[in-house]
Amino acid sequence: LVWRFGLEEIDGSVQDIYAKEFKRRIEEKSAGQVTVDIYSYGTLGESEDLTALTSLGTLQMTHASVGIIGSLVPEMQVFNIPYIFSQHDKLNQSVLTNNATLYEVVGNALIDQELRLMTFYLEGDMVWSTNTEIVKPDDFKDFRMRVMNSPLVIESFRVYGADTIPLPYSQVYGALQANIVDGQSNPVFSIEEMKFYEVTEYMIWSGKQKFTTSVIANQAWYLSLSAEHKTLLRDTFEEMSDFIFEKQQALNKAQLTKIKEFKPSMTFITLTRAQQNAFRKFSVPIRERYIELAGQPGERLLKALDEAFGNKK
Ligand code: 6CS
């Protein structure tokens with residue numbers, strides 16, 4: 001059996017590390033019955049293409065990050081709400097791995113697209129890499145922000161007054177270089193491997209978002225698997241949670257060291273609590289918009305996550 005697995009990121013990325021280890025474990029545990037073929041970013045198109053190919057069954061599985069698949073599956077945009085996560089990444093990761101309401105609500109929504117939810121995990125804090133200093137919402141006035149193409153991501157920068165420019169991942173470097181956009185937001189490892197640091201001057205930790213991805217599968221394919229293979233998948237995805245948690249932390253740390261070395265002129269800014277609160281205030285309309293888009297199941301999910309993350313009213 002061959003299971004084809006798509007990536008939205010290039011070799012060396014968090015998704016690549018994940019897929020290679022997943023492949024190793026599945027092939028070892030299935031004693032040669034299953035081969036996992038990995039399709040790196042670019043070989044089969046952009047993120048949306050990978051999701052479409054998985055719906056069709058051309059790919060059995062793919063990564064689908066919430067910033068992009070949120071436009072297709074509104075419920076998944078819950079993780080595009082600013083400041084939704086807790087301060088504790090171990091807790092965040094465990095909620096992403098186990099929360100019953102999350103798997104029920106998003107699982108049901110994906111079935112409508114012929115897709116099955118396998119897992120969620122974090123790839124790191126989203127860092128704004130920009131050409132001007134941004135420490136307060138007003139600094140986004142007249143600022144052109146590249147965004148992933150999801151309604152809530154777009155609105156979450158528009159509320160600060162930014163112009164938002166949706167672009168696929170592969171075009172972000174060129175757009176920064178040609179001054180078509182003034183900044184973008186991604187985890188540190190991505191800023192290093194996609195070379196965004198070469199064409200931006202500031203890296204700003206705002207605490208606003210954490211890069212959240214999912215692994216989804218073709219529903220008909222999944223249902224056709226033997227009980228033994230379903231168990232193999234379930235157990236392996238569960239084991240992968242701790243593995244990738246540590247790997248993404250280590251990779252983000254190592255890539256930050258590299259950026260500092262390659263670009264001594266880069267300015268690094270971490271927003272203070274008070275500065276973060278000024279941005280946090282703009283989250284209220286984004287939450288309301290989420291409930292409008294994702295309806296009653298979305299409202300239930302948001303409530304369950306607020307509880308799980310210990311968010312105050
Ligand atoms: O910014 C993006 O579009 C992308 N960023 C990462 C780190 N992974 C995939 C996604 O498409």
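The values are calculated or read from the model by the stated rules, or taken from the named source; none is laboratory data. Quantities reported herein were computed from a predicted structural model and do not represent experimental measurements. Cβ atoms come from the backbone with ideal geometry, glycine included; neighbour counts cover every protein chain shown. Just so you know, the surface numbers come from the protein's heavy atoms only, side chains and all, with ligands and any DNA or RNA stripped out. Shrake-Rupley method; radii C 1.70, N 1.55, O 1.52, S 1.80 Å.
Side notes on the structure shown:
- Among the residues making up segment 228-248, those that are exposed (fewer than 15 other Cβ atoms within 10 Å of the Cβ) and under 15 Å from GLN93 (Cβ atoms) are GLU238, GLU239, ASP242, GLU246.
- Test: LYS258 is in contact with an Asp or Glu (Cβ under 6 Å, 6 or more places away or on another chain), open to solvent by less than 60 Å² (accessible area, probe 1.4 Å) and in contact (Cβ under 8 Å) with a residue 40 or more places away in the chain: no
- Any hit, segment 80-95, residues being more than 14 Å from the ligand (Cβ to nearest atom), within 29 Å of THR231 (Cβ to Cβ), charged (D, E, K, R) and surrounded by fewer than 19 Cβ atoms within 10 Å (Cβ to Cβ): yes
- Counting only residues that are hydroxyl-bearing (Ser, Thr, Tyr), surrounded by fewer than 21 Cβ atoms within 10 Å (Cβ to Cβ) and within 14 Å of the ligand (Cβ to nearest atom), segment 40-70 holds 1 of them.
- The helices (runs of 4 or more DSSP H) found wholly in segment 129-216 and carrying at least 3 residues that are modelled with pLDDT of 95 or more and aliphatic (A, V, I, L, M) occupy 151-158, 172-177.
- Any chance ARG116 is basic (Lys, Arg), more than 22 Å from PHE268 (Cα to Cα) and either assigned to a strand (DSSP E or B) or open to solvent by less than 40 Å² (accessible area, probe 1.4 Å) (or both): yes
- Condition broken by ARG300, with the remaining ones in (1) more than 28 Å from VAL106 (Cβ to Cβ); (2) open to solvent by 70 Å² or more (accessible area, probe 1.4 Å) satisfied: (1)
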